[in-house]
Amino acid sequence: MVRDNTARLAARKALLAKGKGGPSAPILQAIASRGSNYSNGLSNGLTELAMSYKVSHLAAVDATDIALAYGNYYDEGWTNANPITVKVALLIRGIYYPVFFNGATSVTIGEGGTVVSDSTGIFLKKGETFYSITYVTVSAGQKYPRGMVVYQERGEGAVAADITASGSPTTYGVYAYHPLAVLGRAKTPTPAVLLVGDSIMQGANDGFQDVGFAARALDAAGIPWIRIAKGGGSIYNLTNRGAMQRMRLAKYCTHAITNYGINDLVGRTYTQMVADYQTLWSMLAEYGLKVFQCTITPHTDTTDNWATAVNQTFNPSTAAVGPASHRTNVNNYIRTSPAPLAGYFDVADKVETSRNSGLWKYPAKTDDGLHPRDNGHVDMAAAITTSLITV
């Protein structure tokens, strides 16, 4: 369902419209996939002192003037206690392009800081895969933030050397330091989505562990995104300390999709959660974003690995997540699409046995009772009506 909320985007749409028929749209925005929050703590401060990370990205649109955003904070927005130095290249169509920061080949990012590179003048074509290569250095005993995992199957990896001009990774399956966002000027007016939420939005249990239902839907539709999700996150965490750093990226997006809720059910009453949602949605709308909320998925235990419904029990309690529960009341509230929401995406309906049953569909749409597995993420992606995400 959708609510007319276009007034909040009027100024941004006017800017985007100026780009119609010209070589590029006039604003800098997200133009690719896999710009993401640093959601996995800090490096070890011992062996990880000078590391390169090669990370793949998918160009969602034709774009020019590619730039990269980096930061020196982590998780809920905690400040890293030391500066870090970053040197970067883009590997596009087999060519290494150095990335500059105020004309320099490297930049030092202070505690809690965020930087955006100079525009590179490089163009990207919709649908092509390219790589960011980030060489991050710190002094002995110092640390840097860690985010997504790099996988050899995607041409990614890590190595304790500078490979921004040549060379290959030697280590795989480790947490990386990478761009917070891949930015540029879209050739035609294009929406961009800020993905806001918890470990499910972060892509937990979905294949490579950093894809997720919303990213799947947006990638398939050619819509760029930036993800500021954090495992274990809650509405309270973002609207307080977490907003200080992570919401700096909102200005590069036109829409927001949030799935917050499952971690808020315990310890918050229905009335408190309604007030929390209003705070969250209003904050996102104040940034000029058109906001969509996802319904809350089930949380159960099982005695047969979620092969049936009858052997599932509600976690932490029937009152919290059962049929006539706190979760049901909240989901029914979301389904009324209250202002300032632009609409909602009913991902819960895609993975529970029937509306408000609180039980996972079977066989095995989850393998831990909390997070959908890859087939669950695929089903949930179908609930994201990308035709509503327009400028």
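No lab work stands behind these numbers, since they all come straight from the coordinates. Since this is a predicted model, take the numbers as computed values, not measurements. Backbone-built Cβ (ideal geometry, glycine too); neighbour counts: all protein chains shown.
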- [ ] Considering the options ASN40, VAL116, TYR362, tell which one lies farthest towards the positive end of the dipole of the chain, charges being +1 on Lys and Arg and -1 on Asp and Glu at the Cβ, about the Cα centre.
- [x] VAL116
- [ ] Return an integer: the convex hull volume of the alpha-carbon atoms of the range 96-153, in Å³ per residue.
- [x] 150
TODO: Sum -39500 (n - 2.57) across every DSSP H segment of at least 4 residues in the chain, then divide by the residue count to get the 222 nm mean residue ellipticity, nearest 500.
DONE: -4500 deg cm²/dmol
TODO: Helix by helix through the chain, keep the DSSP H runs that span 18 Å or more along the axis on Cα and average at least -0.5 on Kyte-Doolittle, and give those back in order.
DONE: 270-286
Task: Sorted by Cβ density within 10 Å, fewest first, the residues LYS143, LYS251, LYS230 - done: LYS251, LYS143, LYS230
Task: Mean projected area in nm² (Cα convex hull; one quarter of hull surface) for the range 31-186 - done: 8.0
- [ ] Report the antiparallel proportion of the DSSP beta bridges in the chain as a percent, rounded to a multiple of 5.
- [x] 75
Open item on the list: Beyond 37 Å, how much of the Cα-Cα pair distribution for the chain remains, as a whole percent?
Closed with: 20
Task: Neighbour-count ranking [beta-carbon atoms within 10 angstrom, fewest first] of THR295, THR318, THR336 - done: THR336, THR318, THR295
Task: Eligible aspartates and glutamates near LYS350 by straight Cα distance, threshold 20 Å, same-chain separation 8 or greater - done: ASP198, ASP206, ASP219, ASP301, ASP367, ASP368, ASP374, ASP379
Open item on the list: Past 19 Å, Cα to Cα: identify those pairs from LYS87/LYS143; LYS54/LYS87; LYS125/LYS230; LYS126/LYS230; LYS87/LYS187, in the order given.
Closed with: LYS125/LYS230; LYS126/LYS230; LYS87/LYS187
- [ ] Show the residues, 5+ positions off or on another chain, whose built amide H is closer than 5 Å to the amide H of GLY41.
- [x] ASP75, ARG146
